[in-house]
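The values are calculated or read from the model by the stated rules, or taken from the named source; none is laboratory data. In this text the structure is predicted, and so the values were computed from the model without any measurement. Ideal geometry is used to build each Cβ from the backbone, glycine not excepted, and the neighbour counts take in all protein chains shown.
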C-alpha cells in the first residue's frame, strides 16, 4: 500500500490531468474550425466536425468498463500515451486532402480524452477528502479552462508561423508535459481495494435522492446555455468588433471565470455545498435577467462589459460548486461511473439548451431569449432550496 499523497500533490496531479483534457478539446472546438476555414474547408464540413465531440456526451456508456477493468492509474497513463500518439498521427495528415482521416483522428482523440476524464474523475472522488474537494474542483475548472485557452487560443496564434504539423506536435508536447506530475507520483490513482459489486452498471440512479438531484443538474445548465448560446451573435449584432469581443470573452471573461472557479472552491469549503449552490444558481439567473434588460434598450458598452465579467465570475463559482456537489453525490467505490453519469447529464442538458437557443432568439428576439433563459435558470435555486433535492449531496459529505 502506498503512502497517501499530500493535498498539494493531489491538486497538482489532478490539475495537470484536467488541463490535459482541455488542451485537445479547446484545439478541436475553437482553433480547428478557424484553421480549417483558413485552409479552404467548406462551412458544411466545418459544421459537421462539431459532431466529433460526441464522446463527451456519451462517455457514461463505457464508464463502468473503465472502473471495473484495471487500475485507474494504468488507464490514465495508457490514455495519455494514446492521445499523444493520435496527435502525432494528425500532425502528418494533410487536413485539406484527407478530411476523412483527420475526422477519424479527431474522433479518436475526443474518445481518448473523454475516457481519460472518466478515470480522472474516479481518482478525484477517491483521493480527495471532503475538505479538499472544494479546492480540487476549483482547480479542475481552472485547469480545464487553462488547457482550453492554450489549445484554442495560443496554438491558433502560432499556427500562421509554424504551420499544421508543428502546431499539432506542440499540442502533443503539451499533453506529455501534463502527464509528468502523474509519472512523478508513483502509486497515485492505484486502487487499494476492489470495488464492491453493483446491481447494474448505473445503479446510482436507484439511490435515494438521485432523481431529485438530476432535476437540479438539468435546471442548473439548461437555462444558462439556452441564453449563452446566442451571446456571441448578440454581441455581433450590437456591432461589437472581433477584437473587442476577444478581449471581452477570451481575455477579461476568461480571467473572471478562473477567479470565480477558485473562489467557488474556497467558498464551498467554508460555507458548505448547498448554500453556495443556492447563491450561485440564483446569481446565474439574475445575470441572465440583466442581459434581457440590456438587450431591450441601448445599453452602454460599460454595462455590457460589467455584465459579461459578472457572468463569467458567477459561472466559475457555480461550476466549481456544482462539480464539488457531484463528487459528494458519488460513491467513492464507484466514483468513476457515478460522477461520469452526472457529468453526462450536465452535458446533455447543456447541449439541449444551446441547441434550442437559435430558435428562441429567432422567435423571441434576444431580449425574450435571455428572459426565457433567466426563467429556466431560476428553477435551479428553487430546487436547491428543497432539502430532498440535495439529500444525496449532504449524505455524501458525511460519509
Give the residue, chosen from 57, 19, 49, that is more than 22 Å from residue 77 (Cβ to Cβ) and either modelled with pLDDT of 70 or more or surrounded by fewer than 19 Cβ atoms within 10 Å (Cβ to Cβ) (or both). 57
Can we say residue 345 is touching a residue at least 60 places away in the same chain (Cβ under 8 Å), under 15 Å from residue 216 (Cβ atoms), in the same structural domain as residue 230 (by TED's automatic domain parsing) and surrounded by fewer than 24 Cβ atoms within 10 Å (Cβ to Cβ)? yes
Can you confirm whether residue 101 is more than 14 Å from residue 32 (Cβ to Cβ), at pLDDT 85 or above and surrounded by fewer than 21 Cβ atoms within 10 Å (Cβ to Cβ)? no
Could you list, ordered by first residue, the pairs with Cβ atoms under 6 Å in which the first is in segment 70-81 and over 11 Å from residue 120 (Cβ atoms) and the second is outside any helix (DSSP H, G or I), at least 6 apart or interchain? 71/190; 71/191
For segment 348-386, name all the residues that are in a loop (DSSP other than H, G, I, E, B) and surrounded by fewer than 18 Cβ atoms within 10 Å (Cβ to Cβ). 385, 386
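Residue-wise test of (1) buried (at least 16 other Cβ atoms within 10 Å of the Cβ); (2) at pLDDT 80 or above; (3) touching a strand residue (DSSP E or B) at 6+ places or on another chain (Cβ under 8 Å).
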{"site": "189", "(1), (2), (3)": "yes, no, no"}
{"site": "196", "(1), (2), (3)": "no, no, no"}
{"site": "201", "(1), (2), (3)": "yes, no, no"}
{"site": "204", "(1), (2), (3)": "yes, yes, no"}
{"site": "209", "(1), (2), (3)": "yes, yes, no"}
{"site": "222", "(1), (2), (3)": "yes, yes, no"}
{"site": "235", "(1), (2), (3)": "yes, yes, no"}
If you scan segment 107-127, which residues turn out to be farther than 26 Å from residue 325 by Cα and crowded, with 24+ Cβ neighbours inside 10 Å? 109
Is one or more of the residues making up segment 105-123 in the same structural domain as residue 58 (by TED's automatic domain parsing), farther than 30 Å from residue 252 by Cβ and over 19 Å from the mean Cα position of the chain (by Cα)? yes
